[in-house]
Amino acid sequence: MTPNRPYQSLRTAVVALVLPFLGLEASVPAMFRGDAAHTGIYASEPPSLTATAWTFRTGGKVLSSPAVSGGVLFVGSADHRMYALDAKTGELKWRFRAAGAIASSPAIVAGRVIFSSLDGLIQAVDATTGKSVWTFRTEGERRFTAPGIHGAQPRTELMPDPYDVFHSSPVVADGLVFVGSGDQHVYALDAGTGALRWKRKTGGVVHATPAVSGGRVFIGSFDRTMYALDAATGAVQWTFLTGEDPEFHNQVGIASSAAVADGRVFFGCRDGHFYALDAAKGTLLWKHDNHKGWVIASPAVQGGRVYFPTSDGQRFKALDAATGKLSYDRPMKAVSFSSPAIVGNRILFGTSDGWLHLVDRDTGARVADFQTEGCKQNGKKYLDAEGRMIGSALYPDGTLDGMIIGLDRMFSLGSILSSPVVAEGIVYVGSTDGTIYALR
């Protein structure tokens, strides 16, 4: 899986120079969104979603996005395991058991698979054998918390946010591993040894995945701030503050992982806006109003446009990357946390009703869809005749417990929160029905 970027050969040369000093075999990393800048572009023929190459069943929800390297697919599961599967057949090569659920996406570099898990560990395992290579312990994972979150009763009770579902995924650049944590820090670790190079404290949970470009690390926090950090030292280069919601704590926090292209940083926010900042200065270039719809997905950027789905608004949008002008705005039947993948003139992304969508990149028009087994089995319970979620069937009441029950029922639909990855004409994606799907 190699991103189709003009600077790919340069980046390969840089990695080749750096990694020998670490005692690692030189290679181009595979990771969340395809490259360290998170452009979401994959060099492959687009799939048609007309045939299933294989499926693999794990023992828990799959929120992790797969990564493909050397003909092997790597993906984590809520069953505490990282899996290595043959990308062509789905045959199990190995599985590594962590001490916590894995809701991050792995980064593969120089024969190592690096990931974070609910136990607060960042781990590297051997890509061939699945044996542990190094472990780094953070100060501990936790979800975003607030009193009466999303308007839940009782309003004064401090509650973890059940919709804070992802962990930060490691990104590897120039021999360093960059990753955020629920302990409010951003970490830089030595890719060869796991030794701490630096850490930077923010004011909130960090579950976005870092984007790395031009010697800077761009990452958002639930403290409402987008940070640009010096990749070598962790020094703060600039910060940008997004919106606030002191009453319901609903329209607040950055869970979206930034994408960086053409000197701009693109990201969504739970404040209902999508932002474009100057990558060098952190100044606002433009912002787009999603009318309270969260953007949790990492946007994809190509050809002067930026693409992303929303949650509550149930939209899929394309904006002009330079101006923020709307190119198209397509309705969906369900919310989406899944980051879009661009392959050729097609875009793939998943929705929480258990569907994977293939749309035309230039118009947003539907091309094809794939339905998960969870949706086939449980759709009649929670979807109406038009395929839209029935809120009263999902959520029994307005408490935190009610939200958790509703989310669990939604996940029974085989929600696709995992971000699709495409390699050699096959799209790979995980589902909350516990299955990894490989589709042609």
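The values are calculated or read from the model by the stated rules, or taken from the named source; none is laboratory data. Keep in mind that what you see is a predicted model, and the values were worked out from it rather than measured. Cβ coordinates were reconstructed from backbone atoms using ideal geometry, including for glycine residues, and neighbour counts include every protein chain displayed. Surface accessibility is based on the protein's heavy atoms, side chains included, excluding ligands, DNA and RNA. Shrake-Rupley method; radii C 1.70, N 1.55, O 1.52, S 1.80 Å.
Some points to look at:
- Residue in the stretch 340-394 that is farthest from Gln302 (Cα to Cα), counting only those that are out of contact with any strand residue (DSSP E or B) (no Cβ under 9 Å at 6 or more places or on another chain) and of a type in the set (S, T, N, Q): Ser392
- Scanning the stretch 388-436 for residues that are at positive phi and either at pLDDT below 95 or among the charged types (D, E, K, R) (or both) yields a count of 1.
- Selection within the stretch 83-98: residues that are assigned to a loop (DSSP other than H, G, I, E, B) and either under 26 Å from Ala255 (Cβ atoms) or charged (D, E, K, R) (or both). The member of this set that is most open to solvent (accessible area, probe 1.4 Å) is Lys88.
- Number of positions in the stretch 262-274 that are open to solvent by less than 10 Å² (accessible area, probe 1.4 Å) and more than 16 Å from Pro210 (Cα to Cα): 3
- Cβ-Cβ contacts under 6 Å between residues 6 or more apart (or on different chains), taken from a first residue in the stretch 392-415 that is touching a residue at least 40 places away in the same chain (Cβ under 8 Å) to a second residue that is among the aromatic types (Phe, Trp, Tyr), are listed as Gly402/Tyr395.
- Residues satisfying the stated conditions in the stretch 100-122, i.e. assigned to a strand (DSSP E or B) and in contact (Cβ under 8 Å) with a residue 60 or more places away in the chain: Ala107, Ile108, Val109, Arg112, Ile114, Ser116, Ile122
- Exactly one residue out of Gly76, Gly59 is surrounded by 24 or more Cβ atoms within 10 Å (Cβ to Cβ) and more than 30 Å from Arg264 (Cα to Cα), and it is Gly76.
- The residue that is surrounded by the most Cβ atoms within 10 Å (Cβ to Cβ), among those in the stretch 361-374 that are part of a strand (DSSP E or B) and among the hydrophobic types (A, V, I, L, M, F, W, C), is Phe370.
- Subset of the stretch 99-151 [crowded, with 23+ Cβ neighbours inside 10 Å, over 18 Å from the mean Cα position of the chain (by Cα) and farther than 18 Å from Leu176 by Cβ]: Val125, Ala127, Ile149
- Of the strands (runs of 3 or more DSSP E) entirely within the stretch 287-360, those holding at least 3 residues that are within 22 Å of Asp262 (Cα to Cα) occupy 300-302, 305-309, 315-320, 326-331, 341-343.
- Ala322 open to solvent by 40 Å² or more (accessible area, probe 1.4 Å), on the phi < 0 side of the Ramachandran plot, in contact with a strand residue (DSSP E or B) (Cβ under 9 Å, 6 or more places away or on another chain) and small (Gly, Ala, Ser): yes
- Each residue in the stretch 244-261 was checked for being under 21 Å from Ala211 (Cα atoms) and assigned to a loop (DSSP other than H, G, I, E, B), and 7 pass.
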